[in-house]
Amino acid sequence: MGEVLPAPPADSHVRDLIAKYDLKYLKGESGYYGQLKISDLEVVSDGKKLRAHSSIYYLLTKEAPINYLHWLSSDDTHVLLEGGPVEYLIFHPDGKVERQILGRDVKAGQTLMISIPGNCWKALRLLPEAHYALMANVLTPQWTPKGVKIGAGPAFVRKYDQAAPWATADFLRELIGPNWKADE
């Protein structure tokens with residue numbers, strides 16, 4: 001059974017952004033992405049040669065408003081370019097959780113840039129008042145297929161359930177979405 005793709009964005013500006021930046025739907029995680037650059041500089045990480053960074057455009061829309069739970073080995077920095085706000089839910093290996101808002105309302109505690117440390121789980125949600133959010137993301141060192149895990153299961157829910165008032169078992173399950181791994 002394959003993943004159901006979202007309806008095409010109703011907003012013409014969002015469709016223009018997808019076309020202009022050649023954004024593709026990101027299966028598994030959801031949202032749209034387009035490669036910007038992979039660094040020419042090499043670094044060594046865990047004994048492996050990698051590029052110093054890779055960067056992408058990333059877009060959430062009303063039709064694809066969530067970036068489902070996933071883990072990255074790299075540090076991941078997000079900068080809001082247009083739209084928003086976006087809720088970031090970050091799960092640290094030690095059991096700590098964070099909720100941050102990427103947005104332009106600084107007085108309300110929002111920020112234009114969020115950095116998520118490597119080895120953390122995260123999920124993003126477009127807030128209801130937002131029509132879309134276009135971000136630039138920089139991963140250091142570069143993104144690799146071996147440096148990402150998509151989805152989780154009962155062990156994740158047990159670890160983070162009640163780590164914050166919003167971190168309920170039902171909400172954590174919602175963040176995992178279609179990538180639930182019952183046999184984890």
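The values are calculated or read from the model by the stated rules, or taken from the named source; none is laboratory data. Source: prediction; values computed, not measured. Every residue, glycine among them, receives a Cβ derived from its backbone with ideal geometry; neighbour counts consider all protein chains shown. Ligands, DNA and RNA are stripped out before the accessible areas are found, and what is left, the full protein with its side chains, is counted by its heavy atoms. Shrake-Rupley method; radii C 1.70, N 1.55, O 1.52, S 1.80 Å.
Out of region 154-184, which chymotrypsin sites (Phe, Trp or Tyr not before Pro) are coil in DSSP terms and have no more than 13 other C-beta atoms within 10 Å? Each step should come with its number before you reach the end.
Details: sites: Phe156, Tyr160, Trp166, Phe171, Trp180; in loops: Trp166, Trp180.
Counting only loop positions with at most 13 other Cβ atoms within 10 Å, the chymotrypsin sites (Phe, Trp or Tyr not before Pro) in region 154-184 are Trp166.
The distance separating the Cα centre of region 1-72 from that of region 111-171 comes to 14 Å.
Over the residues of the chain, the helix contribution to mean residue ellipticity at 222 nm works out to -3500 deg cm²/dmol, using -39500 (n - 2.57) for each DSSP H run of at least 4.
Taking amide H as placed 1.01 Å from N in the peptide plane, Asp11 has no amide H partner under 5 Å among residues 5 or more places away or on another chain.
Using heavy atoms of the protein chains and a probe of 1.4 Å, the accessible area assigned to Lys37 is about 100 Å². Which label belongs to the value computed from this structure, given these candidates for Kirkwood radius over Cα pairs in Å: (1) 16.4; (2) 18.6; (3) 17.0? Read-out from the structure maps to (3). Karplus-based coupling profile of region 42-52, in residue order and whole Hz: 9, 10, 10, 10, 6, x, 10, 7, 9, 6, 4, with θ = phi - 60° in 6.51 cos²θ - 1.76 cosθ + 1.60 and x standing for Gly or Pro.
Close amide H partners of Leu69, meaning residues 5 or more places away or on another chain with modelled amide H under 5 Å apart, are Ile176. Checking every one of the GluC sites (Glu not before Pro) in region 52-141 against DSSP loop status and a limit of 12 other Cβ atoms within 10 Å picks out Glu129. Computed from backbone phi with θ = phi - 60° and the Karplus coefficients 6.51, -1.76 and 1.60, the 3J(HN,Hα) list for region 155-163 is 5, 4, 4, 4, 5, 9, 4, 6, 5 Hz; x is used for glycine and proline.
Given a 1.4 Å probe and every protein chain left where it sits, what share in percent of the accessible area of the chain is carbon and sulfur?
55
Sequentially through region 174-180, phi angles give Karplus couplings (6.51, -1.76, 1.60; θ = phi - 60°) of 4, 5, 6, x, x, 9, 5 Hz, Gly and Pro residues having no value and appearing as x.
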